[in-house]
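Since the structure comes first, as structure tokens, the remarks are kept for the end.
The values are calculated or read from the model by the stated rules, or taken from the named source; none is laboratory data. Given the structure is predicted, the values throughout are model-derived calculations rather than measurements. Note that we place each Cβ from the backbone using ideal geometry, even for glycine, and neighbour counts take in every protein chain shown. Quick note on the areas: whole protein, heavy atoms, side chains included, nothing else; ligands and nucleic acids left out. Shrake-Rupley method; radii C 1.70, N 1.55, O 1.52, S 1.80 Å.
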Amino acid sequence: MCGIDRYRAPLGRMMPMHVNPARWAGLRDNGPLALSRDYAVDFGEHTRPRVCRPAPPPVGTEALDRHQTVDHSNTLVWLAGRQPQHARARVLPDLTASFRLRTPATPRATRPRNSLIPQRGLQFALLLLISICGLLSGCVRNEPRADLVIVNYVEPESLDPALITGVAEMRIVSAMFEGLTRLDPQTAAPIPGMAERWDISPDGRVYTFYLRSNLVWSTGEPINANDIVYSWIRALDPATASDYAGQLFYLKNAEDFTSGKIKDPSLVGVHALDPFTLRVELNNPTAFWLDLCAFPTLTVVPRQTIAKYGDRWLMARPLPSSGPYEMVAWRINDKVRLRKNPRYWDAANTKTELVDLLPISSPTTALNLYETGGADIVWDKDLVPNELVDVLKQRPDFHSFPYLGSYFMRFNVTRKPFDDVRVRQALGLAIDKQRITRKITRAGEIATDHFTPDGVARYRPPKGLGYDPDRARKLLAEAGFPGGKGFPRFQYMYNAASGGAAQVHEKIAVEMQEMWRDELGIDVELQPTEWKVYLANQSKMDFETCRASWIGDYNDADTFLNIFLSNSGNNRTGWKNERYDELIHQADCENDLAKREKLFQEAETILVRDENPIIPLYFYVGFSYYNNTKIKGIYANILDNHPLNAIWKER
């Protein structure tokens, strides 16, 4: 599950219909008023998009130049229905969409008292102001506040279960679509979901799932075993291009179907025996198969809707949902609003009626919104202002906990000079990871030289390269770059946003830039990139080096080590190693836990000590904030998994 990084813009900066998304990534960061003339798209509950002008943020008493900046935190407080104290009773609408206003050059103290404003000009300005306010007020949606408001990081790249890769997207998708199993809110262990029970063959290769008889879509149509077969085959279909298709490769013939070696989907090991019985055949016993059945890629999606709308199926209204919530609206860079699905089989235990998930990437904005009551929960360590970590972690409403997450650096080994393992190892050996966690992250993260986090069940990871600048210089010289001479300037890509969401990523990048310059004499260009472009560049291998993260999907070493298989959509390094692939496949087939651990250890040694397509930096510490005297149903667990239908707010 890659990436815990998200972006939020104020309502007045939604992406306009006529602006290319790639161009928007650059335009959006030119200032909060830069696109105030543009239109926003609001799908709401309508089949077709509704186009309207966004409501303006407050700009205070002084007329603003188009290139002046506005405090985003105040903008969001205003959007939440709470004006900041200093802006009350003196908020002016943004007129920069029509003309450019400047603060008068003459100071007020020296302005002549008898200077007159032309009356016609004043009347025109007032009429224009009234007209604009009327137009804007007609477009603002008057809707009730959600029962639960959650800051969920950046705008989702998609909400298609087969396509998503980020944590924030998976939180939303897991609320809308369900699989055969789901995760227990307290332990994150798999429990019955759409399947009320199952049988496992003595050899552990065949599962028979028995579906509940009361399964229906939120739109009322029945859900049956054929819908599950369709959803899994769709995720495996090479035309879908799912990065997470590998989660289904444990099925018989699944990998060959995705690779195109076989064309007949009926040969894949999933079959509907009748409307309520599903037979699953695995290649080998898979201890975590029931965990995978709860993963978003394996959830059930509406085939009739997809058949009708194709790639635009998520725009269908009403959108059929198989999970505890259904979508009310997805407003770009504003929010995703979910409503309790009354037809969900366990609707009686869904605790909250209406939930808003806000894509905010600025730690300051997130904290401000929370402090003023505009948000109830803020997920993710990256939404804690870095400079306030030491203070905030002492508060009772700020919660820290260990979980399975690794922060690391990727090389694109298909590009020179990173095709040389000595270069990769030199850069890794020159990074002082303790300095990064001590100086920058400061929330209890654990510096590491191995990839699989400590604490994973039934596994002790091997040691990696460590920190050794002298050896780094020697390796670089052996690669033909003594003292860094002749080493080409290269780029380090990381996701960034103007609001400060990637402040930690940028600080880490600057720190490593300094280490490489001081220890190796080489120069790196930092490449901050908008979130969706960052994800796309990784998938296309359009980078030289980049920051990355991985959050465990289940409590097993396999969830970390299998992503670097040669055919994994999440590999994103260009690195292939036959021995590594063989070891991972052997481990997946091994029932003896001690032998399985040794196989994984040998594989990880290749990954972090011998070949180094990645450089591990540290293990995450979970950090979120909410008032646990009011917010109930959130439990610390090693997967940092918190189903929305288990959470509620006491009044």
Is it the case, given these coordinates, that residue 324 is touching a helix residue (DSSP H, G or I) at 6+ places or on another chain (Cβ under 7 Å) and within 14 Å of residue 194 (Cβ to Cβ)? yes
Selected residue (criterion: nearest to the chain's Cα centre (by Cα)) from residues of segment 520-559 that are under 30 Å from residue 286 (Cβ atoms) and open to solvent by 20 Å² or more (accessible area, probe 1.4 Å): 539
Residue 401 versus (1) in a loop (DSSP other than H, G, I, E, B); (2) modelled with pLDDT under 95: which is the lone unmet condition? (1)
Return the residues of segment 618-627 that are open to solvent by 10 Å² or more (accessible area, probe 1.4 Å) and within 24 Å of residue 372 (Cβ to Cβ); say none if nothing qualifies. 626, 627
Could you give me the residue pairs with C-beta distances under 6 Å whose first residue belongs to segment 327-352 and is closer than 27 Å to residue 157 by Cα and in a strand (DSSP E or B), whose second residue is among the acidic types (Asp, Glu) and open to solvent by less than 40 Å² (accessible area, probe 1.4 Å) wherever it lies, and which are 6+ apart or on separate chains? 331/42; 335/356; 337/356; 339/326
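Yes/no matrix, rows are residues, columns are (1) outside any helix (DSSP H, G or I); (2) open to solvent by less than 10 Å² (accessible area, probe 1.4 Å); (3) not aromatic (Phe, Trp, Tyr):
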residue	(1), (2), (3)
415	yes, no, yes
419	yes, no, yes
426	no, yes, yes
431	yes, yes, yes
434	no, no, yes
439	no, no, yes
444	yes, no, yes
449	yes, no, yes
453	yes, yes, yes
Of all residues in segment 240-259, which are over 30 Å from the mean Cα position of the chain (by Cα) and not charged (D, E, K, R)? 253
Unmet requirement for residue 279, which otherwise passes all of (1) basic (Lys, Arg); (2) in a loop (DSSP other than H, G, I, E, B); (3) in contact with a Leu (Cβ under 6 Å, 6 or more places away or on another chain): (2)
State all residues of segment 213-222 that are open to solvent by 40 Å² or more (accessible area, probe 1.4 Å) and either under 12 Å from residue 275 (Cβ atoms) or without any contact (Cβ under 8 Å) to a residue 60 or more places away in the chain (or both); if no residue qualifies, say none. 213, 222
Is it the case that residue 562 is over 25 Å from the mean Cα position of the chain (by Cα) and under 22 Å from residue 283 (Cβ atoms)? no
Given (1) within 19 Å of residue 147 (Cα to Cα); (2) of a type outside the set (Phe, Trp, Tyr); (3) open to solvent by less than 20 Å² (accessible area, probe 1.4 Å), identify the lone condition not met by residue 363. (1)
Within segment 464-485, of all residues that are open to solvent by less than 90 Å² (accessible area, probe 1.4 Å) and under 17 Å from residue 609 (Cβ atoms), the one nearest to the chain's Cα centre (by Cα) is 464
Residue count for segment 190-212, restricted to those that are assigned to a strand (DSSP E or B), in contact with a Pro (Cβ under 9 Å, 6 or more places away or on another chain) and over 23 Å from residue 249 (Cβ atoms): 1
Can you tell me which residue in segment 260-276 is farthest from the chain's Cα centre (by Cα), limited to those that are assigned to a loop (DSSP other than H, G, I, E, B) and of a type in the set (Val, Ile, Thr)? 262
Cβ-Cβ under 7 Å, sequence separation 6+ or interchain: first residue in segment 156-185 and free of Cβ contacts under 8 Å to residues at least 60 places away in the same chain and more than 30 Å from residue 275 (Cβ to Cβ), partner of a type in the set (D, E, K, R) and part of a strand (DSSP E or B). Which pairs? none
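Conditions tested, residue by residue: (1) touching a Ser or Thr at 6+ places or on another chain (Cβ under 8 Å); (2) crowded, with 23+ Cβ neighbours inside 10 Å.
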position	(1), (2)
156	no, yes
169	yes, yes
172	no, yes
190	yes, no
202	no, no
210	yes, no
224	no, no
234	yes, no
252	no, no
Looking at (1) open to solvent by less than 30 Å² (accessible area, probe 1.4 Å); (2) touching a Pro at 6+ places or on another chain (Cβ under 8 Å); (3) part of a helix (DSSP H, G or I), which one does residue 247 not meet, given that it meets all the others? (2)
Which of the residues spanning segment 424-437 are in contact with a helix residue (DSSP H, G or I) (Cβ under 7 Å, 6 or more places away or on another chain) and closer than 15 Å to residue 608 by Cα? 425, 426, 427, 429, 430, 431
Can you tell me which residue within segment 628-651, out of those that are among the hydrophobic types (A, V, I, L, M, F, W, C) and open to solvent by 50 Å² or more (accessible area, probe 1.4 Å), is farthest from residue 351 (Cα to Cα)? 638
